[in-house]
Amino acid sequence: MPHSPEDLARALATAQHAIVLTGAGISTESGVPDFRSKGGLWERYDPMVAGSLDMFVRDPKEFWSFHRPRYEQVDAVEPNAAHRAVAELERRGVVKALITQNIDGLHQRAGSVDPIEIHGSLTGGRCLRCDVRVSRDELLARADAADDGVPRCNCGFQLKSHVVLFGEMLPPQAMEEMFVQAECADMILVIGSSLVVSPVADIPAIVLQNGGTLAILTEGETPYDGRAQVRLRTKAAETMALVVAALDQLTA
Ligand code: ZN
């Protein structure tokens, strides 16, 4: 029998240390295209190439012609009910930590405080040569002011945003926080991730090994489908709104 939002609410209500892990699927419902979406940027660019550290170093103009519009993509959308539900569950103390693969900042705009962003974020920029940091506004202002669209440091080197590029190491501090949370968790709720990209793909296994509960709310298949105690394949936004409502019923 298919699981319901009420099943998910019950699992969350009984957990002592529930954590949430989100992937592209939660933000595609807000209109953020993911790598597999047809049309737009991903049709014109191969993100593995255009969004790589190699391209950033070798051809910053090409890199920024791909990278700059991603800021507009994110500015043009709003967090949805799933982002808001996660933030609400954090506020209530039901969810202790949020790990995200997304770089779009929609969790923060929905009210989440300090999510663990393992792929970085579309925020400010940094010079890889002299480590000078600039704000998001400063980064974009410099990109827009440059003839070739490349934001540069005062030292002359091109600035990189805080997004983790293909070919770049994942941020060690975020990695550490993610694994600590996985070890502490007695429940993990996965939303909109297909759980195929490492190291995120390893996180549910840690929770399961420690005797915890796995819930998955992802439309497509995941390698963990057979091991999830709660498995929902419905839309994240509408489902998570129902989960919060069901929790209200349970605690009323
Ligand atoms: Zn510099």
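Quick note: the coordinates plus some simple rules give every number you see, no bench work behind them. Model, not experiment: these values are computed from the prediction. With ideal geometry, Cβ positions are generated from the backbone for all residues, glycine too; neighbour counts draw on all protein chains shown.
For Cys127, neighbours were defined as the other residues whose beta-carbon sits under 14 Å from its Cβ, and their charges (Lys and Arg +1, Asp and Glu -1) total +4.
From Cα pairs below 8 angstrom and at least 6 apart in sequence, can you work out the relative contact order of the chain, rounded to a whole percent? All intermediate terms of the calculation are to be shown ahead of the outcome.
Numbers: 441 pairs, mean separation 69.3, N = 252.
Once normalised by length, the contact order is 27 percent.
Students often check this: by mean Cβ neighbours within 10 Å, which of 53-62, 90-99, 213-222 ranks highest, and how do the rest follow?
Per-residue mean Cβ counts within 10 Å order the peptides as 213-222, 90-99, 53-62.
Annotation: amide H-H contacts under 5 Å for Leu170 (H modelled 1.01 Å from N, sequence separation of 5 or more, or interchain): none.
Summarising the label geometry, the points placed 7 Å from Cα in the beta-carbon direction at Phe157 and Ser135 lie 2.4 nm from one another.
Only bridges whose two residues both fall in the chain count here: according to DSSP, what percent of them are antiparallel, nearest 5?
In the chain, DSSP labels about 25 percent of beta bridges as antiparallel.
Extending 7 Å from Cα along the Cβ direction at Arg10 and again at Asp225 yields two label points whose distance is 2.3 nm. Taking each DSSP H run with n ≥ 4 as -39500 (n - 2.57) and averaging over every residue of the chain yields -12000 deg cm²/dmol at 222 nm. Neighbours of Val57, meaning other residues whose beta-carbon lies under 13 angstrom from its beta-carbon, give a summed charge of 0 when Lys and Arg score +1 and Asp and Glu score -1.
Normalised by 2.2 N^0.38 Å, where N is the number of residues, the alpha-carbon radius of gyration of region 1-153 equals 1.22.
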